[in-house]
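A.B. asks: If you scroll down you'll find the structure; I have some questions about it.
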Amino acid sequence: MYSQGLIGADGRTEETPEFLARFQKRIDAEEKIEPKDEMPEGYRRTLIRQIGQHAHSEIVGMLPEGNWITRAPSLRRKAALLAKVQDEGGHGLYLYSAAETLGVSREEMTEELLSGKAKYSSIFNYPTLSWADMGTIGWLVDGAAIMNQIPLCRCSFGPYARAMIRVCKEESFHQRQGYEIVMTLAQGTPEQKAMAQDSLNRWWWPSLMMFGPHDADSQHSDQSMAWKIKRFTNDELRQKFIDATVPQAEYLGLTIPDPDLKWNEDKGGYDHGPIDWDEFWRVVKGHGPMAKDRIKARKKAWDDGAWVREAALAHAEKRRARKIAAE
Ligand code: FAQ
């Protein structure tokens, strides 16, 4: 559905039908749109919303795993987890930079996150209760992130598409390190296997929810698909993820907590049981189990970092003044 309300909302761009058709022609020809190109205001705003929320997800996503760095069971596990969490910080920074090319500042995006206006992925509102959760997050959460992000490497907006290439390579390492943790536990003592199963039980459904609402309730999908920001719908990606993940669980000897899960020969994919959409919307609207803690942690980091931003600005100002004096 075309969201006419968004188009030309700033009054800066002349969004005549000819302009919109010209833009759509570039999209249909698979041309990349670059920051200084003319673009409909709705396109710019959709990207700021999605890239900004994606960046917030990466940064907030550091918290559930950061919780376990000091308790990793060996030096090797600690080094890998530390590197993974640092990668997530890096992903957030590329993404904030990609969004900034569209004319929004990092401060504005952060204020929107802290005020609750901008969302971050629902998955990061769940607690990490055991070491097995470090494995399950890598396996399922990074696995779902890759499924969603590989198509974003072909997103029509150049800076977002290019950022996604490196991000996906790193997510692939994350997914493998997670799967290897779960495999070690699944092949370990009965208690370790039970820990892995308990973790899968808690993370399976929230991982499916990461792909967003059912297509019928996805307000942005149609327009984002037309603009080739999204290449697949939420349900299509969710289905691909289920089909890829069920054999991995079978290999581990773990049970996916869905009694209705069964192979459907006709569609060539798995049928699954109902997703608890009430839970999804509760979490998306800020009532997830860890929501308050996550925002509190981000607010503290932002406030504690104020002096660094001020010092960097003061330094830049001094350099500018010295340069002017020397001219
Ligand atoms: N959580 O119309 P749609 C990661 C919102 S990165 C919260 O379908 P759209 C790496 C949506 O924003 C994970 N909110 O929206 C990692 C919209 O609200 P709005 C993040 C959600 O944009 C791994 C409303 O519902 N990945 O995991 C969610 O077309 C491990 C209606 O929905 C990305 O951000 C949700 N799950 O499709 C890090 C990928 N789903 O904005 C650390 C890029 C929907 O109007 C550890 N984003 N909403 O207020 C996307 O592909 C899309 O934005 C979707 C949603 C697919 C998430």
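The rows are residues; the columns are (1) farther than 20 Å from Glu34 by Cα; (2) open to solvent by less than 20 Å² (accessible area, probe 1.4 Å); (3) assigned to a helix (DSSP H, G or I).
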site	(1), (2), (3)
Glu65	yes, yes, yes
Asp87	yes, no, yes
Ser97	no, no, yes
Gly103	no, no, no
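A.B. asks: Looking only at residues in segment 252-280 that are part of a helix (DSSP H, G or I) and touching a residue at least 24 places away in the same chain (Cβ under 8 Å), which one is farthest from Pro127 (Cα to Cα)?
C.D. replies: Leu252
A.B. asks: Now a separate question. Looking for something farther than 17 Å from Gln175 by Cβ, within 16 Å of the ligand (Cβ to nearest atom), hydrophobic (A, V, I, L, M, F, W, C) and touching a helix residue (DSSP H, G or I) at 6+ places or on another chain (Cβ under 7 Å) - is there at least one such residue anywhere in segment 204-211?
C.D. replies: yes
A.B. asks: For Gly42, state whether it is small (Gly, Ala, Ser), touching a His at 6+ places or on another chain (Cβ under 8 Å) and open to solvent by less than 10 Å² (accessible area, probe 1.4 Å).
C.D. replies: no
A.B. asks: If we scan segment 118-132, do we find a residue that is assigned to a helix (DSSP H, G or I), under 15 Å from the mean Cα position of the chain (by Cα) and either aromatic (Phe, Trp, Tyr) or more than 11 Å from the ligand (Cβ to nearest atom) (or both)?
C.D. replies: Among the residues of segment 118-132, at least one is assigned to a helix (DSSP H, G or I), under 15 Å from the mean Cα position of the chain (by Cα) and either aromatic (Phe, Trp, Tyr) or more than 11 Å from the ligand (Cβ to nearest atom) (or both), which makes the answer yes.
A.B. asks: Next up: Which condition breaks for Gly212 when tested against (1) under 17 Å from the mean Cα position of the chain (by Cα); (2) in contact (Cβ under 8 Å) with a residue 24 or more places away in the chain; (3) within 26 Å of Ala98 (Cα to Cα)?
C.D. replies: (2)
A.B. asks: Answer yes or no as to whether Ser74 is within 8 Å of the ligand (Cβ to nearest atom), of a type in the set (Gly, Ala, Ser) and either touching a strand residue (DSSP E or B) at 6+ places or on another chain (Cβ under 7 Å) or modelled with pLDDT of 95 or more (or both).
C.D. replies: No, not satisfied.
A.B. asks: Sticking with this one: When only residues in segment 216-229 that are near the ligand (Cβ under 8 Å from one of its atoms) and part of a helix (DSSP H, G or I) count, which is surrounded by the fewest Cβ atoms within 10 Å (Cβ to Cβ)?
C.D. replies: Only one residue fits best here, namely Asp217.
A.B. asks: Which one of the conditions (1) within 11 Å of the ligand (Cβ to nearest atom); (2) closer than 30 Å to Arg26 by Cα; (3) in contact (Cβ under 8 Å) with a residue 40 or more places away in the chain does Lys240 fail to meet, given that it meets all the rest?
C.D. replies: It fails just one condition, (1).
A.B. asks: Give just the number: which of (1) open to solvent by 70 Å² or more (accessible area, probe 1.4 Å); (2) within 30 Å of Glu31 (Cα to Cα) does Asp260 not satisfy?
C.D. replies: Evaluating Asp260 over (1) open to solvent by 70 Å² or more (accessible area, probe 1.4 Å); (2) within 30 Å of Glu31 (Cα to Cα) leaves (2) as the failure.
A.B. asks: Under 7 Å between Cβ atoms, which residue pairs at least 6 apart in sequence (or on different chains) link something in segment 144-155 that is open to solvent by 20 Å² or more (accessible area, probe 1.4 Å) with a partner that is of a type in the set (A, V, I, L, M, F, W, C) and within 10 Å of the ligand (Cβ to nearest atom)?
C.D. replies: Met147/Leu237; Asn148/Phe211; Asn148/Leu237; Cys153/Met164
A.B. asks: Looking at (1) over 17 Å from Cys155 (Cβ atoms); (2) at pLDDT 95 or above; (3) of a type outside the set (S, T, N, Q), can you tell me which one Pro35 breaks?
C.D. replies: All conditions are met except number (1).
A.B. asks: So Ala196 ticks every box in (1) within 13 Å of the ligand (Cβ to nearest atom); (2) of a type outside the set (Ser, Thr, Tyr); (3) open to solvent by less than 40 Å² (accessible area, probe 1.4 Å) but one. Which box is left unticked?
C.D. replies: (1)
A.B. asks: Restricting attention to segment 50-71, report how many residues are within 7 Å of the ligand (Cβ to nearest atom) and of a type in the set (Ser, Thr, Tyr).
C.D. replies: Adding up the residues that qualify gives 1.
A.B. asks: Here is a follow-up. Open to solvent by 10 Å² or more (accessible area, probe 1.4 Å), polar (S, T, N, Q) and more than 30 Å from Trp227 (Cα to Cα): does that describe Gln175?
C.D. replies: no
The values are calculated or read from the model by the stated rules, or taken from the named source; none is laboratory data. This is a predicted model, so every value here is computed, not measured. Positions of Cβ are generated from backbone atoms using ideal geometry, with glycine treated the same way; all protein chains shown enter the neighbour counts. Ligands, DNA and RNA are stripped out before the accessible areas are found, and what is left, the full protein with its side chains, is counted by its heavy atoms. Shrake-Rupley method; radii C 1.70, N 1.55, O 1.52, S 1.80 Å.
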